[in-house]
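The values are calculated or read from the model by the stated rules, or taken from the named source; none is laboratory data. Predicted model, so just to flag it, every value in this text is computed and none were measured. Positions of Cβ are backbone-derived with ideal geometry, glycine not excepted, and every protein chain shown enters the neighbour counts.
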Number of protein chains: 2
Amino acid sequence: MAAREPAETPPRKPVGRILGVDPSLRGTGLGLIDQADTQPRPVHFEVVKCPAGWRRSRCLARIADATRDAIQRHAPEVCVVEGLFYAQNLQTALIMGEARGACLAAVAGAGLDIFELAPRRVKQAIVGYGAAGKHAVARMVQRLLALETLPPDDAADALALALVFAQEQKRLHLAAPRQV
Amino acid sequence: MAAREPAETPPRKPVGRILGVDPSLRGTGLGLIDQADTQPRPVHFEVVKCPAGWRRSRCLARIADATRDAIQRHAPEVCVVEGLFYAQNLQTALIMGEARGACLAAVAGAGLDIFELAPRRVKQAIVGYGAAGKHAVARMVQRLLALETLPPDDAADALALALVFAQEQKRLHLAAPRQV
C-alpha cells in the first residue's frame with residue numbers, strides 16, 4: 001500500500017459552497033453550506049435513509065445516486081468528510097468503508113476535491129469539547145446556522161464538517177485539513 | 001446494524017454472462033466470462049491500476065468509472081464478489097471497504113444482482129485447495145479458460161469468482177452464494 005500522502009493546505013481562495021458528508025450504510029448525512037457572506041448559510045441538508053430490509057448493494061447505489069443528485073442540484077466547490085474514526089471491528093470497518101467508497105467515488109467523479117477532518121477536531125471546534133455527543137453537535141449546528149428546527153443527527157454531523165472547514169479556511173493553517 | 005439477510009439461491013435460469021470483481025484501491029480485478037456453451041469462454045479481463053501517487057479519492061472515481069465502462073461494453077447479467085475476507089487491521093479494512101463500495105455501487109447502479117463467494121471456497125473449487133496461492137489460481141484460470149498467457153493475479157481472481165459462480169449454478173445448491 002502507498003505511503004500516506006502529506007498534509008496539504010486547503011485551496012488558497014476560500015471556497016463559497018461546501019459539502020459535508022457523513023457516510024453510513026443506513027443513514028448517510030449530506031450537508032451544504034454557503035459562506036459567501038460573513039455568516040455561513042445553510043443551503044441543503046438531508047439524511048439518505050436505506051431501510052434495514054434493503055440489501056447492502058441497493059444501499060450503496062442509493063448513496064451514490066443521492067450524493068450525485070445533491071452535487072448536481074447545489075453545485076458545491078469542495079467536499080469534507082470525517083477522517084480516521086472508530087470502528088468496533090473489521091466487519092464494521094468494512095461496511096463503513098463500503099458506504100464511504102460509494103459516497104466518495106460519486107464526489108470525486110463530479111470533480112470535487114475532498115478533505116478529511118478528524119471527528120474530535122470537528123466536535124472540539126463546534127461544541128468546544130472533543131468527546132461531545134451527537135445531540136450537542138446538532139444543537140450547536142442549529143444555532144450556528146439559525147435553523148428553525150433541530151437537524152437530524154446524521155445531517156448535523158455533515159453540516160458540522162462543512163462549518164468547521166469554513167472556519168479553518170479563515171485561519172492560519174497550522175494543522176490544515178488533509179486532502180484525500 | 002441490520003441482521004444478516006438470509007442466504008438465497010442464485011437465479012433459477014442460469015445466467016450466461018458473469019462479471020467477477022476483485023476490488024482493491026490500487027489494482028481492482030474485473031473478469032467477465034460467458035457460459036452460453038458448455039465450456040466457459042473468457043469475454044474480457046483487466047486490472048484497474050491506480051498508481052501509488054494517486055489520491056484515494058481519484059482511485060475511487062477511477063474504480064467506479066472502469067466498472068461502469070466494463071458493464072456497458074460487455075453487458076453482464078450478474079456480478080460476483082469475494083465475501084468475508086481477511087484484513088490486517090481496521091485501517092486496511094476501511095480502505096478495502098472503500099474500494100469495494102466504489103465498485104459495488106457502480107455494479108448495483110447498473111441494475112445487476114451481486115453475489116458473494118468466500119475466498120476459500122473459490123480456491124477450493126478452482127485449485128482443489130482452500131489456501132492456494134495467487135499464482136496457482138492464475139494458472140488454473142488460464143487452463144480452464146484456455147488463455148494463451150497467464151492472466152495478472154488480480155484479473156485471475158476476478159475470473160475465478162465468475163468461473164466458480166458458473167459451476168455452482170449447475171449444481172444442487174446445498175450452499176448457494178449469498179446475495180448482497
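Remarks
- Residue match in region A:101-118 (condition: in contact with a strand residue (DSSP E or B) (Cβ under 7 Å, 6 or more places away or on another chain), surrounded by 16 or more Cβ atoms within 10 Å (Cβ to Cβ), away from chain B (no Cβ under 14 Å) and assigned to a helix (DSSP H, G or I)): no
- Restricting region B:50-68 to residues that are under 21 Å from B:Ala108 (Cβ atoms) and among the aliphatic types (A, V, I, L, M), the residue that is farthest from the other protein chains (Cβ to nearest Cβ) is B:Ala66.
- Residue that is outside any helix (DSSP H, G or I) and not small (Gly, Ala, Ser), where the choices are B:Leu94, B:Leu147, B:Leu163: B:Leu147
- Test set (1) within 14 Å of chain A (Cβ to nearest Cβ); (2) modelled with pLDDT of 95 or more; (3) surrounded by fewer than 17 Cβ atoms within 10 Å (Cβ to Cβ) - B:Ala146 fails condition number: (1)
- Qualifying residue in region B:90-100 (condition: polar (S, T, N, Q) and over 30 Å from A:Trp54 (Cα atoms)): no
- Any hit, region B:125-142, residues being touching a Phe, Trp or Tyr at 6+ places or on another chain (Cβ under 7 Å) and crowded, with 16+ Cβ neighbours inside 10 Å: no
- Residue in region B:33-56 that is in contact with a strand residue (DSSP E or B) (Cβ under 6 Å, 6 or more places away or on another chain) and in a loop (DSSP other than H, G, I, E, B) present: yes
- In this structure, B:Met96 does not satisfy being over 15 Å from B:Ile18 (Cα atoms) and more than 14 Å from every other protein chain (Cβ to nearest Cβ).
- Apart from one condition, A:Tyr86 fits all of (1) within 8 Å of chain B (Cβ to nearest Cβ); (2) part of a loop (DSSP other than H, G, I, E, B); the exception is (1).
- Of the set (1) over 25 Å from B:Leu90 (Cβ atoms); (2) modelled with pLDDT of 95 or more; (3) of a type in the set (A, V, I, L, M), all apply to A:Val127 but (2).
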